[in-house]
Amino acid sequence: MAKIVILTGAGISAESGIRTFRAEDGLWEEHRIEDVATPEGFAADPGLVHHFYNARRAAAAAAEPNAAHRALADLESDGRHAVLVVTQNVDDLHERGGSQNIIHMHGTLNGALCAACDHRWPAPAVMHRTDLCPACRAPATRPDIVWFSEMPYQMDEIWTALRAADLFVSIGTSGNVYPAAGFVQDAVRAGVPTLELNLDPSSGSRWFDEARHGPATEIVPAWVREMLA
Ligand code: BV8
């Protein structure tokens, strides 16, 4: 059974109406990364950070998975390929699109974390800086999101799967944020064939054996149809 590791980024959710980061109307046009996606920003103004993630949690809840999410689920459920989706996205559209084998390396909007005791629980729709941790009662609740300078989740599983893969596919990511942006190089070093499916060439396009450009809802289902032919 061929093992396929698929890295996804904000571009796979763009056509579901969820904003990406680095487009001209992207999230980083409105907020400084340092203010809303770093531990320092949270410490300085937890209310602003909760507001930022509350808005994104609402946007994700209002969005629907698109044909690209569903195509990846079809590839997995077909059963001829062992598919692992490693997503940088914090929305749950892969789950709602039918994928089962998913790693959220940057955390999820639907998760809450206590900065004091590390307790985790399902995030309410709206979080406030005054919320108390259900376990230790400290007013130290935060979204269970991996911020810049924090360690992404399940890196050992990801690197192990990457090196043992028969194919590495990168979908909808600009290749600007590490360690995810380095996965293609890890794959090349391990002799794993690499394919990029993205609207535009990413920062790492030169590392890929093959690159196809276009909207995810077109090029991802087309690729999956080829795989299932
Ligand atoms: C780490 C949080 C240590 C959730 C995110 C100095 C100090 C400290 C760290 C660093 C430093 N210098 C560098 C670093 C490392 C740093 C980093 O990479 N910085 C960059 C900016 C240089 N990385 C970290 O800090 C990471 N942690 O390094 O820890 C460590 C690591 C390993 C081992 C030991 C120790 C933590 C990174 C995670 C940060 N959190 N998000 C949230 O708010 O969402 S990152 C953020 O950017 C998002 O999670 C997102 O996933 C990620 C990448 O963005 P993309 O998904 O690629 O989105 P983007 O808008 O950029 O691109 C969209 C793409 O889609 C485009 O290419 C576009 O063409 C395409 N597209 C658009 N529409 C479509 C489409 N494609 C197809 N169809 C369409 N319709």
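Could you work out how much longer the chain between residue 163 and residue 213 gets when fully extended? Use 0.36 nm per residue separation minus the Cα distance between them, nm to one decimal.
On the way: separation 50, 0.36 × 50 = 18.00 nm, distance 2.52 nm.
Taking residue 163 through residue 213 to full extension adds about 15.5 nm, to one decimal.
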- Message: For the ranges 100-107, 113-120, 124-131, what's the packing order if you count other beta-carbon atoms within 10 Å of each residue, average per peptide, and put the highest first?
- Response: 100-107, 113-120, 124-131
- Item | Cα-based equivalent ellipsoid, the range 48-126: semi-axes from gyration tensor eigenvalues, Å | 27, 15, 9
- Item | Rounded to 5, the percent of DSSP beta bridges in the chain classed as antiparallel | 25 percent
- Solvent-accessible area, 1.4 Å probe, carbon plus sulfur percent, for the range 1-59: 56 percent
- Message: Using only DSSP helix segments of four residues or longer, with each worth -39500 (n - 2.57), what per-residue ellipticity at 222 nm results for the chain after dividing by its residue count and rounding to 500?
- Response: -9500 deg cm²/dmol
- Message: Cut-off 10 angstrom, C-alpha nodes, Gaussian network model of the chain. Which of 53, 178, 153 fluctuates the most?
- Response: 178
- How many percent of the alpha carbon pairs in the chain exceed a separation of 25 Å? 40 percent
- Whenever you get a sec, compute what percent of the accessible area on the range 92-195 sits on carbon and sulfur atoms (1.4 Å probe). 54 percent
- Where only protein heavy atoms count, and the probe is 1.4 Å, what is the accessible area per residue for the chain in Å²? 46 Å²
- Item | Ratio of the Cα radius of gyration of the range 160-224 to 2.2 N^0.38 Å, where N counts its residues | 1.04
- Task: Rounded to whole Å and sorted largest first, list the principal axis extents of the Cα atoms in the range 106-229.
- Result: 52, 30, 27
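The values are calculated or read from the model by the stated rules, or taken from the named source; none is laboratory data. Computed from a prediction, not measured in an experiment: that's the story for all the values here. In this analysis, Cβ positions are derived from the backbone assuming ideal geometry, glycine residues included, and neighbour counts consider all displayed protein chains. Each accessible area value is taken on the protein alone, full model and side chains, heavy atoms only, with ligands, DNA and RNA left out. Shrake-Rupley method; radii C 1.70, N 1.55, O 1.52, S 1.80 Å.
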